[in-house]
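Peer 1: Before anything else, here's the structure in question.
Bear in mind that the values in this text are calculations on the coordinates, not laboratory data. Remember, predicted model here, so these are calculated numbers, not experimental data. Please note: Cβ atoms are built from the backbone with ideal geometry, for glycine as well, and neighbour counts cover all protein chains shown.
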Amino acid sequence: MTAILSDVRPIGEQLRAWRQRRRLSQLELASEAEVSTRHLSFVETGRSAPSREMVLRLAEHLDVPLRDRNLLLVAAGFAPVFEETPIEEPRMDSVRAALKQVLRGHEPFPAVVVDRFWNLIDANGAAALFMEGAPPELLEPPLNVLRLSMHPDGMAKNILNLAEWRAHMIDRVRRHVQLTADPSLAQLYRELRDFPGDIGAAMAPPADHEVFIPLRIRLDGRDLSFFSTIATFGTPVDITVAELAIESFYPADAATSDFLRERAGW
């Protein structure tokens, strides 16, 4: 079992911080978790020590990531309960098989598997089009798909609506930082935000009849347009599994679909 046990603040202070991050009052959280407001107040101020079950119950209702639930348990004097299994270990065979099945099944359209920092874990063959022309240093592991896409020497030079798309992606990272309070993710957010580009000017209302912000790129003299969906594992109890996400890209127009099918020889 591995965990980054770096937060040494008292358990009550950490729980209060998570509650405030979720914008819940003590009354709202106590009602949802079916505990008394008085007891929750005592826990937050350190006047009462929560049981292991109480920590896990509050963490569940606060939607605390599994990695951080371990931190809460340690702060309360209990052992961590959520394991972090390396993806290459045998016990993860079924997880890897499921990921491969989804990736293969999405061909000839691109799909990638990323971790909580958007580091690439796996990809299908079609995803290689996003990496064409990128310098080797951006492709070295761990390959960060957001850094690759927004770096001036990476995909950014091929993205036709860079300001618009980049603004929405950076806002997505910002919201993840707010939800997780992860300092490493916050550092990535600052790095991406400081790449060239006017974010504020791109956060305009959507155009008429627009239902998503597409990713528009130029490749081999062709203008391609994509939208994507993100899938995660249901009911995970392992940190690694909980932090995996599959982003599947779909053609936003017939020309893009035709190009991808021709490129794959379909």
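Peer 1: Could you identify which residue out of Val211, Val241, Val55 has the top mean-square fluctuation in a GNM of the chain using Cα springs shorter than 10 Å?
Peer 2: Residue with maximal mean-square fluctuation among Val211, Val241, Val55: Val211.
Peer 1: For helix 254-263, report the angle its Cα long axis makes with the longest principal axis of the Cα atoms of the chain; keep it between 0 and 90° and round to the nearest 10°.
Peer 2: Taking Cα atoms only, the helix is inclined about 80 degrees.
Peer 1: Follow-up question, since we're still on this one. For helix 183-193, what angle does its Cα long axis make with the longest principal axis of the chain, in degrees from 0 to 90 and rounded to 10?
Peer 2: Roughly 30 degrees, rounded to the nearest 10.
Peer 1: Can you tell which of Gly12, Leu58, Phe42 lies farthest toward the positive end of the dipole of the chain, using +1 and -1 charges on the Cβ of basic and acidic side chains (Lys, Arg; Asp, Glu)?
Peer 2: Phe42
Peer 1: Continuing with the same structure: Take the alpha-carbon centre of the stretch 29-78, take the same for the stretch 143-163, and report the distance between them in whole Å.
Peer 2: The distance from the Cα centre of the stretch 29-78 to that of the stretch 143-163 comes to 41 Å.
Peer 1: Which value results when the Cα radius of gyration for the chain is divided by 2.2 N^0.38 Å?
Peer 2: The chain yields a ratio of 1.17.
Peer 1: Given +1 on the Cβ of Lys and Arg, -1 on the Cβ of Asp and Glu, and no further charges, what dipole in debye does the stretch 90-263 carry about its Cα centre, rounded to the nearest 20?
Peer 2: For the stretch 90-263, the charge dipole is close to 220 debye.
Peer 1: When only Cα pairs under 8 Å and 6 or more residues apart are kept, what is the percent relative contact order across the chain?
Peer 2: Worked out over the chain, it gives 18 percent.
Peer 1: How far is helix 11-21 tilted off the main Cα axis of the chain, in degrees rounded to 10, range 0 to 90?
Peer 2: It is inclined by approximately 40 degrees.
Peer 1: Sticking with this structure for a sec: I'd like to know which of Ile159, Ala134, Ile230 lies farthest towards the positive end of the charge dipole of the stretch 90-263, counting +1 on Cβ of Lys and Arg and -1 on Cβ of Asp and Glu.
Peer 2: Of the candidates, Ile230 comes out farthest on the positive side.
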